[in-house]
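Engineer: Following this message is one structure expressed as structure tokens.
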Amino acid sequence: MPVKSRGKLFAWGAGHSGALGQGPSEDKLTPQPVPGLPEVTAVYAGSASAYALDEEGQVWSWGWDAYQHLLGRGIVEYPLPMIPTVLREMGHKHTGERFEGDGGVGEPGVVEGLPAVLELAVADSNVFALTTEGEVWVWGDRAGLGIKSKHSASRPQRIEVLSNITQISASDDGLTFYALDAEQRVWSWGSGYEGELGHGKRRNDPVPKPIPSLQGVRSVHAGNSCAWALLNDGSVWFWGHGQGLELTVDNNYRIGEPLRVDALDEIVALYVWRAGCLARNSAGETFAVGALLEGVLDISFNDQLVVRAEGYDAFTHISLGDNHGLAIDATGQLFSFGEEENGALGNGLCAEDEFHPPTAVAGMANVIYCNAGNSFSFAIVSE
């Protein structure tokens, strides 16, 4: 869960969607302050939008507001539409014309109608807000609303069946959602075709229900068509599509109920990315799980499920984005790693297919929180 210290928000990377807070813009290759925001305590990246919490628990949103109106401010037509980077580089300009369903690009503004918020979870088509009272609010596509509905929600509405919730999680490009309650049970709803609901059946369910086989859960983490749970005893459990981990049940990659990952023990923290994760154990050792992580980390798996990742032991927080990642060490120094495309690493470079191991980002000291998104990045700096 994000820290409660506050600071100034910086952003860099792909600017075409307005996710850097300045409207549709050129890519920024080094960290730049996000205008129009107070000091914030946490930041979250969507696929083409972004969100932050201030110290009063208000949610701020900005970026592309297309289709499901993910900024949560109602059905609004903002002044400028998004133009993809490739078209902008070819000389295309804003003409005022819009694609159907494109609400345009919004600059930072408050999402009205919410109680004080503790944390957010951002999916491809929904945004979830966990309040200080343990309630869950949602806006976006009908699949995530927690009820049977024929309509999406352009403003926040409460999921009535969920109460006393302590954590929420949603895959950035997935359609399955999770909540952890005060009794340490995991609730799931949404898409279940790959077994990612954890109920043992391959079917969708729009209404949240607890996963009966999971008890004593410390944290839950959504991946792509899969999910992970860290239990109080340090064990790690997985369900959903297991091909990325070469996990099967009865020779089937679709794992319908939580399955213990035997190679992981005494784990205290998980950082999940798609079908893989970084896992930290009680001795402070970090392990990479799932060969798909080779696209983000400077690690070779050599046909192994779990490999040691010594170069990540020193980090107190890690965020894994689309094809890059961010990390903070004990001194508050920010590091970036992975592909530098669109300037997402903040190192002044933007070549395609250029990969970097963890490297300190210049000028990014006293960082209290970071989030890696879809070719763009955020860091909160305490002043």
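Engineer: With r defined as the distance between the Cβ atoms of E383 and T132 and R0 fixed at 25 Å, what FRET efficiency is calculated, to the nearest 0.05?
Structural biologist: So the FRET efficiency works out to roughly 0.50.
Engineer: Also, quick follow-up: Excluding residues fewer than 8 places away in the same chain, name every one of the aspartates and glutamates whose C-alpha is closer than 14 Å to that of K148.
Structural biologist: Counting by Cα, and skipping residues close in sequence, K148 has these aspartates and glutamates nearby: E160, D205.
Engineer: For each of S377, S5, S17, S300, count neighbouring Cβ atoms within 10 Å of the residue's Cβ, then give the residues from fewest to most.
Structural biologist: S300, S5, S17, S377
Engineer: So what is the relative contact order for the stretch 190-280, in percent, with contacts set as C-alpha pairs under 8 Å and at least six apart?
Structural biologist: 28
Engineer: Among H324, H199, H221, determine the one that fluctuates most according to a GNM of the chain built with springs between C-alpha atoms less than 10 Å apart.
Structural biologist: Result for the chain, Cα springs under 10 Å: H199 fluctuates most.
Engineer: Per 5 Å bin, what is the whole-percent P(r) computed from every C-alpha pair distance within the stretch 175-233?
Structural biologist: 4, 22, 33, 25, 12, 3, 0
Engineer: Right, next: Return S125, S169, S235 ranked ascending by Cβ neighbour count within 10 Å, so the fewest neighbours appear first.
Structural biologist: On the way: S125 20, S169 24, S235 17.
Listed from fewest to most nearby Cβ atoms, that is S235, S125, S169.
Engineer: Under the classification rounded if a/c is under 1.5, otherwise prolate if a/b is larger than b/c and oblate if not, where does the stretch 302-383 fall, given a ≥ b ≥ c as square roots of the Cα gyration tensor eigenvalues?
Structural biologist: Working: a/c = 1.95, a/b = 1.15, b/c = 1.69.
Judged from the Cα gyration tensor, the stretch 302-383 comes out oblate (a/c at least 1.5, b/c at or above a/b).
Engineer: Can you give the translational diffusion coefficient of the stretch 233-383 in µm²/s, computed by Stokes-Einstein from the Kirkwood radius over Cα pairs at 37 °C and 0.692 mPa s?
Structural biologist: Rounded, D is 204 µm²/s.
Engineer: Give the shape of the stretch 176-306 as rounded, prolate or oblate, defined through the alpha-carbon gyration tensor: a ≥ b ≥ c are the square roots of its eigenvalues, a/c under 1.5 means rounded, and otherwise the shape is prolate if a/b is larger than b/c and oblate if not.
Structural biologist: Numbers: a/c = 1.93, a/b = 1.30, b/c = 1.49.
Oblate, since a/c reaches 1.5 and b/c is not below a/b.
Engineer: Quote to one decimal, in nm, the extra length available between E39 and E112 on full extension: 0.36 nm per residue of separation minus the C-alpha distance between them.
Structural biologist: Details: separation 73, 0.36 × 73 = 26.28 nm, distance 1.83 nm.
24.5 nm is the gain from fully extending E39 to E112.
Engineer: While we're on this one: Roughly how many whole Å is it from the C-alpha centroid of the stretch 230-277 to that of the stretch 1-48?
Structural biologist: Measuring centre to centre over Cα atoms gives 32 Å.
Engineer: Turning to a different aspect of this structure: Gain in length, K150 to N164, computed as 0.36 nm per residue apart minus the alpha-carbon separation, to one decimal in nm?
Structural biologist: In short, 2.3 nm is gained.
Engineer: If R₀ is 25 angstrom, what is the calculated FRET efficiency for the pair E55 and T359, using the beta carbon separation as r and rounding to 0.05?
Structural biologist: It comes out at approximately 0.20.
Engineer: Report the relative contact order of the stretch 119-177, percent, no decimals, based on alpha-carbon pairs under 8 angstrom and at least 6 residues apart. Could you put the intermediate results ahead of the total?
Structural biologist: On the way: 126 pairs, mean separation 22.2, N = 59.
It rounds to 38 percent for the stretch 119-177.
Taken together, the values in this text are just the output of simple stated rules run on the coordinates, not laboratory data. Only a predicted model underlies this, so the values are computations on that prediction, with no experimental measurement involved. FYI the Cβ positions are ideal-geometry reconstructions off the backbone, even for glycines, and counts take in every protein chain you see.
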